[in-house]
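The values are calculated or read from the model by the stated rules, or taken from the named source; none is laboratory data. What you see is a predicted model; the values in this text were computed from it and never measured. Cβ sites come from the backbone with ideal geometry, for glycine too, and all protein chains shown count toward neighbours. The accessibility values were calculated without ligands, DNA or RNA, using every heavy atom of the protein model including side chains. Shrake-Rupley method; radii C 1.70, N 1.55, O 1.52, S 1.80 Å.
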Amino acid sequence: MNNLVLFPILVPFLGAILLMLLPKKIILQRTAALIAGLALIAVSLFLVFHVKQNGITTVNIGNWDAPFGITIVGDMLSSLLVFTTSIVLVCVIIYSFYTIGKPREKFLYYPAVLLMIVGVNGSFLTGDIFNLFVFFEVMLMASYVLLVIGGTKIQLKATIKYLLINVIGSGFFVVAIGVLYSMIGTLNMADISQKINALHGTNTGMLSVAAVLFLFVFGLKAGLFPLYFWLPGSYFAPPIPVLALFGGLLTKVGVYAIIRTFSLFFTKETTFMMPLLGILALITIIFGIIGAISYYDLKTIVIYNILIAIGVILFSVSILSRESVTGAVYYLIHDMIIKAALFLIIGVVMAITGSSSVKKFSGLMTVKPTLGWAFFIAIMGISGIPPLSGFFGKLLIVEGAFSAHEMIGGILVLLSSLFVLMSLIKVFTRGFWGEKSGHLTLTIPYRKMMLPVIILLTLSVLYGVFSNAVYPFIADAVEPIIDPNVYIDAVMKE
């Protein structure tokens with residue numbers, strides 16, 4: 001049963017290989033991609049319950065025991081993130097059938113999506129720091145294809161920027177791994193944690209250098225201040241299904257990498273790193289707020305809301321109390337679902353109006369009330385209005401901040417909810433209420449496009465309403481972060 005932890009990587013990988021053999025057969029591509037996505041949901045859900053019942057599950061590739069071989073680790077945090085990823089994937093695939101267009105589908109769109117999921121799931125599940133780099137590269141190479149596919153001018157410009165930034169980030173990632181390996185002599189993350197704990201104050205200068213390098217690399221991927229400058233422009237360019245994947249998943253891989261490596265490596269011997277992470281996270285929230293309230297373009301507003309969420313999650317991680325980390329994990333899963341839903345809603349709006357700027361249309365509620373109310377529910381969810389899913393995560397984060405005497409941070413997190421609501425409610429009142437104006441196209445496959453939106457919003461609402469049922473799983477996910485020995489003992493079999 002331990003081999004089950006490999007399936008979230010193998011299923012999309014084998015699906016992508018199969019789809020590469022069928023480049024021009026659109027119907028077969030769609031069918032196979034959807035089957036692969038549904039199979040991924042099944043194996044991911046099974047993995048969640050397997051980990052819940054049996055504890056952290058590990059597989060040593062090639063039967064080389066840790067720390068000498070490559071270890072794949074399925075703890076509750078990685079299992080929940082893989083499961084959430086699979087749900088977002090299926091909804092985006094369904095949405096793509098009616099929006100992405102046959103020209104893009106013929107140029108290996110679905111294989112690129114599945115290969116990106118290989119990288120995302122592999123990053124969540126790997127227990128080896130070098131293989132984290134490998135899965136990052138798989139994810140990034142697939143994202144390059146998805147960003148440029150279609151070949152429009154804005155995509156090409158964004159791809160060049162995105163490519164250069166990530167090539168630089170990858171270079172620094174290798175350097176960071178090299179610095180850490182030169183000190184510790186191992187790549188297994190559990191073994192690295194053990195050996196760092198054995199340093200007892202010696203050689204911590206180089207360890208601080210490695211910590212800063214890792215923060216730079218993962219902060220660049222997550223969109224942490226001051227490394228977020230590339231994100232608004234690059235994420236604005238791709239078609240909506242790709243943007244939903246990027247906004248819902250890619251930045252979260254950077255967040256997960258920070259949570260995993262910093263909780264294992266850099267909490268004891270580098271005491272300045274967590275306060276530094278907290279300060280940068282709060283500044284990220286501030287700049288995200290400024291961007292979100294400054295625009296009237298739906299895509300841009302939600303992209304800046306990504307930065308706000310990243311700041312909120314990483315601030316709570318920097319406190320590293322059980323309460324704050326529980327809030328961070330709860331909010332991380334919520335944000336993956338709600339951001340994907342919001343971007344898909346924006347896609348429907350753009351299909352009807354031809355624009356994402358609310359200065360060019362109004363009165364959508366009169367022609368598509370379901371769309372209007374779906375957008376309103378999404379706004380309430382992302383703003384943290386009870387009893388929706390955004391509320392409970394932020395409540396725990398704020399309580400954790402106040403308990404740790406981080407009053408400024410806790411107040412800023414509270415205010416961020418208000419500004420998120422302001423940034424989106426102005427869009428709702430201006431674009432959905434009022435007199436109908438603008439050129440509205442009502443011949444789109446509206447109901448088919450709304451199906452994945454309704455699925456994601458329903459899951460978001462249920463995630464909030466049944467938060468007590470979800471809490472035991474979240475608590476299991478938090479345990480290895482608060483007590484790294486739980487993770488270490490499971491991997492090293494001590």
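Looking at the stretch 129-156, I want the residues that are hydroxyl-bearing (Ser, Thr, Tyr) and have a partner that is open to solvent by less than 40 Å² (accessible area, probe 1.4 Å) and in a helix (DSSP H, G or I) with Cβ atoms under 6 Å, at least 6 apart or on another chain. Which pairs are those?
So the pair list comes out as Ser143/Met116.
Anything in the stretch 92-124 that is open to solvent by 10 Å² or more (accessible area, probe 1.4 Å), of a type outside the set (S, T, N, Q) and farther than 19 Å from Ile17 by Cβ? List them, or say none.
Ile94, Phe97, Tyr98, Gly101, Lys102, Pro103, Arg104
Residues checked against (1) of a type in the set (Asp, Glu); (2) part of a helix (DSSP H, G or I); (3) touching a helix residue (DSSP H, G or I) at 6+ places or on another chain (Cβ under 7 Å):
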{"site": "Ala374", "(1), (2), (3)": "no, yes, yes"}
{"site": "Ile377", "(1), (2), (3)": "no, yes, yes"}
{"site": "Met380", "(1), (2), (3)": "no, yes, no"}
{"site": "Pro386", "(1), (2), (3)": "no, no, no"}
{"site": "Phe392", "(1), (2), (3)": "no, yes, yes"}
{"site": "Leu396", "(1), (2), (3)": "no, yes, yes"}
{"site": "Glu399", "(1), (2), (3)": "yes, yes, yes"}
{"site": "His405", "(1), (2), (3)": "no, no, no"}
{"site": "Leu412", "(1), (2), (3)": "no, yes, yes"}
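Is the stretch 232-250 home to any residue that is under 16 Å from Lys161 (Cβ atoms), among the aliphatic types (A, V, I, L, M), modelled with pLDDT under 85 and within 15 Å of the chain's Cα centre (by Cα)?
So far as the stretch 232-250 goes, no, none of its residues is under 16 Å from Lys161 (Cβ atoms), among the aliphatic types (A, V, I, L, M), modelled with pLDDT under 85 and within 15 Å of the chain's Cα centre (by Cα).
With respect to Tyr228, is the statement that it is of a type in the set (Ser, Thr, Tyr), open to solvent by 10 Å² or more (accessible area, probe 1.4 Å) and either over 22 Å from Leu156 (Cβ atoms) or within 19 Å of the chain's Cα centre (by Cα) (or both) true?
So Tyr228 fits the description; yes.
Of all residues in the stretch 125-150, count the ones that are outside any helix (DSSP H, G or I) and crowded, with 20+ Cβ neighbours inside 10 Å.
4
Would you tally the residues in the stretch 288-327 being within 10 Å of Gly400 (Cβ to Cβ), open to solvent by 30 Å² or more (accessible area, probe 1.4 Å) and of a type in the set (Ser, Thr, Tyr)?
Summing the residues that are within 10 Å of Gly400 (Cβ to Cβ), open to solvent by 30 Å² or more (accessible area, probe 1.4 Å) and of a type in the set (Ser, Thr, Tyr) in the stretch 288-327 gives 1.
Under 9 Å between Cβ atoms, which residue pairs at least 6 apart in sequence (or on different chains) link something in the stretch 19-31 that is touching a residue at least 40 places away in the same chain (Cβ under 8 Å) and under 15 Å from Pro103 (Cα atoms) with a partner that is open to solvent by 90 Å² or more (accessible area, probe 1.4 Å) and assigned to a loop (DSSP other than H, G, I, E, B)?
Partner pairs satisfying both residue conditions: Pro23/Phe107.
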